[in-house]
1. Does residue A:51 fit the bill of being free of Cβ contacts under 8 Å to residues at least 60 places away in the same chain, buried (at least 21 other Cβ atoms within 10 Å of the Cβ), touching a strand residue (DSSP E or B) at 6+ places or on another chain (Cβ under 7 Å) and more than 11 Å from chain C (Cβ to nearest Cβ)?
2. It is to be established whether one or more residues within the stretch B:162-179 are part of a loop (DSSP other than H, G, I, E, B) and on the phi > 0 side of the Ramachandran plot.
3. Which one is surrounded by the fewest Cβ atoms within 10 Å (Cβ to Cβ) among residues in the stretch A:187-211 that are over 15 Å from residue A:135 (Cβ atoms) and at pLDDT below 95?
4. For the stretch A:88-124, what are the residues that are more than 9 Å from chain B (Cβ to nearest Cβ), among the hydrophobic types (A, V, I, L, M, F, W, C) and in a loop (DSSP other than H, G, I, E, B)?
5. Return only the number of the condition from (1) buried (at least 24 other Cβ atoms within 10 Å of the Cβ); (2) away from chain D (no Cβ under 14 Å); (3) among the basic types (Lys, Arg); (4) in a helix (DSSP H, G or I) that residue C:207 does not satisfy.
6. Just give me the residues in the stretch C:220-247 being assigned to a helix (DSSP H, G or I) and either on the phi > 0 side of the Ramachandran plot or away from chain D (no Cβ under 14 Å) (or both), in sequence order.
7. Which residues, taken from the stretch B:117-141, are in contact (Cβ under 8 Å) with a residue 60 or more places away in the chain, assigned to a loop (DSSP other than H, G, I, E, B) and either away from chain A (no Cβ under 14 Å) or more than 21 Å from the chain's Cα centre (by Cα) (or both)?
Amino acid sequence: MAAKTLKINGTMISAREGESILEAARDSGVSIPTLCHLDGLSDVGACRLCIVDVGGRLRPACTTAVAEGMDIQTNTEQLRAYRRQIVELLFAERGHVCAVCVASGHCELQNLAVSLGMDHVRYDYLAPTCTVDISHQRFGIDHNRCVLCTRCVRACDEVEGVHTWDISGRGTSARIISDLNQPWGDAESCTSCGKCLLACPTGALFQRGSTVAEMEHASGRIAVIVESRRVRG
Amino acid sequence: MSDTPKIKLATVWLGGCSGCHMSLLDLDEWLIDLAARVDLVYSPIADIKVFPEGVDLALVEGAIASDEHMEIIHTVRRNSTLLVSLGDCAVTGNVTALRNPLGEAGLTLQQIYVDHGDPRGIIPAEPGIVPVLLDKVVPVHAVVAVDYFLPGCPPPAPRIRALLEALLAGRIPTAEGAKMLRFG
Amino acid sequence: MDLHELQQIARRERERRRRIRIHCCTSLGCHASNAIEIKRRLEEAVIAAGLEGEIEVAGVGCMGFCGHGPMVEIDPENILYEYVSPDDAPSIVASIHGGACTAGRGDKNHPFFARQYPIVRKNGGKIDPERIEEYIAAGGYRSLYRAINEMTPAEVIDEITRSGLRGRGGAGYPTGLKWATVAKSRGDRRFVVCNGDEGDPGAFMDRSVLESDPHLVLEGMSIAAYAVGADQGYVYVRGEYPLAIERLQKAINQAKKHSLLGSQIFDSALDFRVDIRVGAGAFVCGEETALIASIEGGRGQPRPRPPYPAESGLWGKPTLINNVETFANIASIIERGSAWYSGIGTESSRGTKVFALTGKICNTGLVEVPMGMTLREIVEGLGGGAPDGGTVKAVQTGGPSGGCIPASLFDTPVDYESLAKVGSIMGSGGMVVMDEATNMVELAKFYMEFCMDESCGKCIPCRVGTVQIYRLLEKITAGEATPADVDQLRALCQLVRDTSLCGLGQSAPNPVISTLKYFPEEYDALIKP
Amino acid sequence: METSSVSPHMRDTSASINDNRLKILEATMKRNQYRPDALIEVLHKAQELFGFLSPTLLISVARSLHLPPSRVYGVATFYHFFSLAPQGEHTCTICLGTACYVRGANNLMVAAEGAIGVSAGKTTADGTFSLASARCLGACGIAPAVIVDGVVAGNVTPRDLSARLVALLASPSKDESRT
């Protein structure tokens, strides 16, 4: 495969053809914040946190392929400001109360807020009504914590091959649903494999019985499953 | 140290659990150092009824949840040079704001005291004695300008100390890294 | 079907015609104002007067002057009646032989008509959209024949490229270049998609074209299919347009019956089938990747581009997506040549554009004018300015994705670049006129509510950013906002514009940005110090 | 779903196996070769036949088109045209497109809400009337426009609309008049 030469933050690097900017940056030690991206799953370019400046235009690093001669900036003042605004918008959208969250201390959203220097949220808290569904024997879903990244939807569809999860509605009324918007425990298609829990970046999907700060998502395991499946052919 | 004039410090307890004040007290012996450099002119741990004028630094714990909070916070802002939102309730609304999805104050009280409480329950209403709830709990900065934010539920004592040390030394407190910023 | 048969159909149709045709507009606007009853009463009146041998009544497509409908025209006498009621029917028929007419007389020399240059709307108000024979008699399907028999696909693309035609859906991408990309893209199958999801409120050009001249669109699509090598087409029409869907379906059936769609069109190797896909009420489906998702039966959520649909579209195959008006230009370009077409309009924006003039304007309706005409000529010249002695304050072009242009900039020529320069877009062609009674902050809020409700929810800046912008506008209109809130508003607009995934999100703040720019005093008046 | 009192004229969806509407729906799916991408076409047809999309209908469509139920539900709730709740016997849709807005469509909405007694997007408790808003009907030439029971009307005034709706409410329902 042909190599592409490009510049990231002023440094020349070479990348494989067809690789995303995100992969190329990580290979060369540059980290770019992400939320809807998860290694092993397809990319949707939805959270917009990985936007980078490509020759003056903003592009999502996860879905933009490298090209010869690209001049990429990953951490300009403008990008940092936009990323912080995006994370603030998420915190304002639903009830992300870290103090009483099962994933506190192990949460990608919480960590993003820290790394982007978010000391407060400048927007109105929308405070929507969100349910907590603990009808499943082992797992629960707290919609207050959901950021609609669709990692669970993709893990279920692409890795488990079931597609129990999808999204209903649109805009801020969108909600993750199981089967026909039934309680998770009644969703016949669910195999209770728990891959959605692995994929979830926040405290939205959790093991029942876990209390504050107890829920750790081993999201890296999704990539391991996918990679070993690929190697085995 | 003694030749520098003491700064006037106030701490305020609004819609919160007082955990942030507990965390402040967790500073243990450093409180003695602090006492040498500040005059505590208003605080739930000091018996002072009226928020004084000319306060240099006010640490505010808790969200704005009632008409009383609303009145106090405006006084605090008017009478203080620097105002710090201390802890997640002040900064985000946090647990205090968990009631917001239930709707306006009347609906909320109905659900808490009657629907999910005692069906014969009575909604407390003693104007002038029991503060009247606001329809929506909001963070402090939604009502008045805030100079610094110190997240945490509660903010760990070293985090409070780092902020106070910076302010006492006339520096801008750093607002970065998990040590200073993590919510929860 | 061959050329001879085509000519036969045209000849038979001309022979069938009566000397005088009473054209009765049956497009949506007039349809909703009793046009069908008027047509029936006219037919009765013709029979009652015993004039069936001389006069026929034809239901025709949109005449454009919707605000003065229902409209009836006597052809070839060139007499126009407006605000017609069913009771006027006998006197209209009688007037042909000198009787007095009770219907209001319209003026064909009115600037509204006189300054138009109909290409897309050439058959509007002239032919019965439900009869393919009338389209063929008007020269229809000759261009398709010509393209297939006298030109190579590459020559067709070249002709379109040289015409300078740009996408009429809003962004103005060069049509020929798009066709060339699709033709060159690798794939075992290619698709042609006509975007008829005209979602901009205040725009109804595409509805009118589909209702008035569906074959013109089908012919354009077939020429495109030949040029790019597609065998299947889809017309995606809004569910809000039942009449357009009905007429388009009739047109497809007729074209199939005459072998103008299907296998071996004009005995060539071209196979092309067209199906209608009916939208289900989602503005975002006008965005091409969302439209593809919707045709595939999914949630109409956009995906990042590249890859562009020209390379990877429907089911991952190269897909040509043009809007209704773009396709409606094709047959004329093939018929009259790229040199003719590129002679119309301006250097960068060739040809004509159809605009829907609505809002606080005297002459509501559709106009087709050469690109480069100024806003003033369109709004004041053709549109006649504000009604009831009012003053026009601004015009919103491009719908919720466009911007508000103040009257002080009405000398701006209407072309893609000039409109962009003043902070708006061409969009699909809606022009909503505002007079001094319109509060611009309220208007910005109206648009933001629209974008908020229509946000698909996929990307965060659009999903939540539009809600926060809306809330700030609510705070402003309630008189509770401070200057800091206005700064916040600007910063959010910038975020949503720069970081949203698709065009809907990226352009959602335009109405706010443009009203902040041109009508700051209306915001200031509402801000607390 | 909240249905305090189910009105007799609410269209029935507890379709029996022999229901002719199911056969028509089946024919639609067959004509589309049960292709998953025909989902929206099929939902259009289902709604046209049954008035709304019940869970039973959605599940049967999902099975026939080999789609996961969540996918079908996701699509059905994405598009505004599809309704998962029964609609009233009469419907009034007010266009809130820009041209209609500029010409006072908001006042029409207020008048309709007053006449019918429910807000936009809602159906009266007795199932008689549904009030809805539309984005743009493309009838801008005759703005403001409304659709009452499927018929488009233009240049509508609040007074006309109120009178029209009050008259419809007062008229005997179709079912009653049929018997």
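1. Spelling it out, it is not the case that residue A:51 is free of Cβ contacts under 8 Å to residues at least 60 places away in the same chain, buried (at least 21 other Cβ atoms within 10 Å of the Cβ), touching a strand residue (DSSP E or B) at 6+ places or on another chain (Cβ under 7 Å) and more than 11 Å from chain C (Cβ to nearest Cβ).
2. Yes, there is a match, as at least one residue in the stretch B:162-179 is part of a loop (DSSP other than H, G, I, E, B) and on the phi > 0 side of the Ramachandran plot.
3. So, considering only residues that are over 15 Å from residue A:135 (Cβ atoms) and at pLDDT below 95, the one surrounded by the fewest Cβ atoms within 10 Å (Cβ to Cβ) is A:211.
4. A:102, A:103, A:116
5. The failed condition is (2).
6. Of all residues in the stretch C:220-247, those assigned to a helix (DSSP H, G or I) come to C:220-228, C:242-247.
Result: C:220, C:221, C:222, C:223, C:224, C:225, C:226, C:227, C:228.
7. So in the stretch B:117-141, the residues in contact (Cβ under 8 Å) with a residue 60 or more places away in the chain come out as B:131-134, B:137-140.
With assigned to a loop (DSSP other than H, G, I, E, B) added as a condition, the list becomes B:131-132, B:139.
Across the stretch B:117-141, the qualifying residues are B:131, B:132.
Yes/no matrix, rows are residues, columns are (1) among the small types (Gly, Ala, Ser); (2) under 19 Å from residue C:202 (Cβ atoms); (3) within 27 Å of the chain's Cα centre (by Cα):
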{"site": "C:381", "(1), (2), (3)": "yes, no, yes"}
{"site": "C:384", "(1), (2), (3)": "yes, yes, yes"}
{"site": "C:394", "(1), (2), (3)": "yes, yes, yes"}
{"site": "C:404", "(1), (2), (3)": "no, yes, yes"}
{"site": "C:417", "(1), (2), (3)": "no, no, yes"}
{"site": "C:430", "(1), (2), (3)": "yes, yes, yes"}
{"site": "C:437", "(1), (2), (3)": "yes, yes, no"}
{"site": "C:458", "(1), (2), (3)": "no, no, no"}
{"site": "C:471", "(1), (2), (3)": "no, no, no"}
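The values are calculated or read from the model by the stated rules, or taken from the named source; none is laboratory data. Given the structure is predicted, the values throughout are model-derived calculations rather than measurements. So basically every Cβ, Gly included, is an ideal-geometry build from the backbone, and we count neighbours across all protein chains shown.
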